[in-house]
Amino acid sequence: MDILGIDIGGSGIKGAPVNIDEGVLSGERHRIKTPEPATPDAVADVVAQIAAHFDWKGSIGCTFPAVIKQGVAHTAANVDQAWIGTNAEELLAERTGCLARVVNDADAAGVAEVQFGAGRGVRGTVFMLTFGTGIGSAIFTNGILVPNTELGHMDIRGKEAEHRASDRARKEDGIKWPKWAKRVSEYLNILEALYWPDLFIIGGGVSKKTLKFADHLDTRTPVVPAQLLNDAGIVGAAMWASGREDICGPVITPRDSTLTNAPILDRGWAPMFPTDIQACCWALIAPLAPARGSRG
Ligand code: BGC
């Protein structure tokens with residue numbers, strides 16, 4: 001089955017039909033420069049041009065570098081602020097005339113890597129981390145995604161991790177690969193101490209250059225480069241749009257999910273967890289909790 005996958009990035013918007021059963025592109029990629037400013041309207045126009053290029057009538061999956069819940073963008077760390085509150089799925093569906101699903105870029109890359117790439121068949125806790133303009137994160141436990149983690153914004157000595165250790169920070173600070181690897185190691189060591197992962201997959205622009213820095217990383221957890229390289233976002237977006245649980249896992253982002261409407265605030269956790277973490281925790285324990293209305 002083919003779905004059109006589109007990867008919306010800071011410099012380019014790339015699309016290609018994807019055979020989601022095999023995780024490979026089934027046609028040539030088509031790339032258009034990201035418009036500036038990358039407002040929702042301008043980006044939607046480019047997505048529509050890509051869909052028209054392929055004369056696409058079926059489903060479309062798109063990555064976006066922000067928290068995406070039920071199609072709505074909730075953050076805009078490295079993109080135009082007008083995206084916050086935009087229902088990206090509705091906007092893209094309206095412009096393309098196709099059914100559109102939108103997913104965080106790192107989550108998409110992770111879904112592709114775990115199904116078809118470096119994380120294939122790995123049990124335990126797998127972290128996909130993308131190093132580009134920002135740092136994207138996706139966590140998988142036994143192949144199932146915890147969506148919308150934003151670990152690139154973790155504080156490290158008073159500064160966001162992505163402002164220290166993204167590929168952009170490396171270029172902007174003019175540092176050599178070994179020094180950058182030291183920053184990345186510091187970040188990975190914090191993640192190791194907090195989550196005890198079994199595997200780190202390193203993706204994003206730097207995945208093509210692992211020879212330059214891999215030997216300088218100092219972690220107790222194995223670190224491997226992403227295998228799908230530039231195609232991970234496109235492939236993962238298409239897989240996401242398939243909505244197939246055997247591919248994406250029973251994640252809680254689909255708009256028809258009843259879990260996202262669970263009365264989280266009733267559970268008395270509100271002061272303890274930010275909303276997203278609550279939602280993920282609730283998704284994990286919901287099957288164990290007493291049925292609604294059975295609590296006095
Ligand atoms: C965004 C994430 C995104 C990452 C990589 C971060 O700044 O907050 O949502 O996944 O950049 O693009």
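The values are calculated or read from the model by the stated rules, or taken from the named source; none is laboratory data. What you are looking at is a predicted structure, and each value in this text was computed from that prediction instead of being measured. No Cβ is skipped: glycine too gets one built from the backbone with ideal geometry, and neighbour counts run over all protein chains shown.
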### Message
For residue 142, only one of the following conditions fails: (1) surrounded by fewer than 24 Cβ atoms within 10 Å (Cβ to Cβ); (2) in contact (Cβ under 8 Å) with a residue 24 or more places away in the chain; (3) in contact with a strand residue (DSSP E or B) (Cβ under 9 Å, 6 or more places away or on another chain). What is its number?
### Response
(2)
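From the residues in region 72-104 that are of a type in the set (Val, Ile, Thr) and touching a residue at least 40 places away in the same chain (Cβ under 8 Å), which one is farthest from the ligand (Cβ to nearest atom)?
Our first condition is that a residue be of a type in the set (Val, Ile, Thr); within region 72-104, this holds for 72, 75, 79, 84, 86, 96, 102-103.
From what is left, the residues that are touching a residue at least 40 places away in the same chain (Cβ under 8 Å) are 75, 79, 86, 96, 102-103.
Details: 75: 5, 79: 8, 86: 14, 96: 22, 102: 12, 103: 10 Å.
Looking at the filtered set, the residue picked out is 96.
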## Note on the structure
Apart from one, (1) more than 19 Å from residue 241 (Cα to Cα); (2) surrounded by 15 or more Cβ atoms within 10 Å (Cβ to Cβ); (3) in contact with a strand residue (DSSP E or B) (Cβ under 6 Å, 6 or more places away or on another chain) all hold for residue 38; the odd one out is (3)
### Query
If only one of 190, 201 is closer than 14 Å to residue 135 by Cβ and away from the ligand (no atom under 16 Å from the Cβ), which one is it?
190
### Task
Report yes if residue 32 is buried (at least 20 other Cβ atoms within 10 Å of the Cβ) and touching a strand residue (DSSP E or B) at 6+ places or on another chain (Cβ under 9 Å), otherwise no.
no
### Query
What number of residues within region 115-139 are under 18 Å from residue 244 (Cβ atoms) and within 16 Å of the ligand (Cβ to nearest atom)?
1
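If I ask for residues that are over 23 Å from residue 222 (Cβ atoms), out of contact with any Ser or Thr (no Cβ under 8 Å at 6 or more places or on another chain) and surrounded by fewer than 20 Cβ atoms within 10 Å (Cβ to Cβ), which ones from region 165-192 would you list?
171, 172, 173, 174, 175, 176
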### Task
Check 38, 66, 51 and return the single one that is under 23 Å from residue 111 (Cα atoms), in the same structural domain as residue 95 (by TED's automatic domain parsing) and in a loop (DSSP other than H, G, I, E, B).
66
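Is it true that residue 142 is out of contact with any Asp or Glu (no Cβ under 7 Å at 6 or more places or on another chain), away from the ligand (no atom under 11 Å from the Cβ) and polar (S, T, N, Q)? So that I can check it myself, show each step before the final result.
Values: out of contact with any Asp or Glu (no Cβ under 7 Å at 6 or more places or on another chain): yes; away from the ligand (no atom under 11 Å from the Cβ): yes; polar (S, T, N, Q): yes.
So residue 142 passes the test.
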### Query
In this structure, is residue 190 in contact (Cβ under 8 Å) with a residue 40 or more places away in the chain and in contact with a strand residue (DSSP E or B) (Cβ under 7 Å, 6 or more places away or on another chain)?
no
